[in-house]
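Scroll down for the structure; my scribbles are underneath it.
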Amino acid sequence: MSSSRRSGFVRVMVTAFAVVGALGVVGCGSDGGTSESGASSTGATSVTTSGVAAASTVTVTVDDMKFSPAAVTVKAGDTVTWKFEDKAPHSVQGIGDAAMGINSPIFTTGEWSHTFTVPGTYRYLCPLHPEMKGTVTVQ
Ligand SMILES: [Cu+2]
């Protein structure tokens with residue numbers, strides 16, 4: 001009599017573990033895919049400069065409805081920082097496929113940086129004031 005009670009208890013425990021185990025697997029599976037959202041919102045390719053010595057930063061001031069200097073030349077791996085100091089809001093947006101990664105939010109004050117890793121000529125404008133244009137040449 002007592003032995004049949006015991007075996008019944010064991011069976012319940014085994015069943016309970018099986019259910020918990022199955023739920024655990026389902027839970028893990030449904031969690032797995034949701035961790036990657038929003039990771040690429042900046043669009044900036046975070047390429048770390050490998051081996052190339054002494055990357056530098058060139059500053060372009062955004063003031064008085066223009067980028068100054070409007071044309072800068074940097075080396076591959078260098079960073080261009082735009083400093084927004086105008087009363088009007090501006091942003092920096094690349095022109096054409098080659099400059100697609102250049103896409104800043106709209107700033108009134110503050111700064112925004114982009115690191116150029118591939119040589120070429122990158123044209124950009126302020127989409128709010130399309131007459132504001134600039135060029136970054138990467139050597
Ligand atoms: Cu502007």
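Could you tell me whether the stretch 57-138 comes out rounded, prolate or oblate from its Cα gyration tensor? Rule is a ≥ b ≥ c as square roots of the eigenvalues, rounded for a/c under 1.5, then prolate if a/b exceeds b/c, otherwise oblate. In terms of gyration-tensor shape, prolate. Can you list the lysines whose alpha carbon sits under 19 Å from that of LYS83, skipping same-chain ones fewer than 8 residues off? Hits, sequence-local ones excluded: LYS66, LYS133. For ILE95, the amide hydrogen comes within under 5 Å of the amide hydrogens of ARG123, TYR124, LEU125, counting only partners 5 or more places away or on other chains and with H modelled in the peptide plane. Counting only DSSP beta bridges whose two residues both lie in the stretch 57-138, roughly 70 percent are antiparallel. Residues whose amide H comes within less than 5 Å of that of THR73, counting only those at least five positions distant or on another chain, are THR137 (H built at 1.01 Å from N in the peptide plane).
What is the local net charge at MET132, summed over the other residues whose Cβ is closer than 15 Å to its Cβ (Lys, Arg +1; Asp, Glu -1)? Let's see the in-between values first.
Working: positive: LYS66, LYS83, LYS87, ARG123, LYS133; negative: ASP63, ASP64, GLU85, ASP86, GLU131.
With Lys, Arg at +1 and Asp, Glu at -1, the net is 0.
Other residues with beta-carbon under 15 Å from the beta-carbon of GLU111 carry, at +1 per Lys or Arg and -1 per Asp or Glu, a net charge of -2.
Here, each number is a calculation from the coordinates, and none is a lab measurement. This one's a predicted model, so the numbers in the text were calculated from it and none came from an experiment. We place every Cβ from the backbone using ideal geometry, glycine too, and count neighbours over all the protein chains shown.
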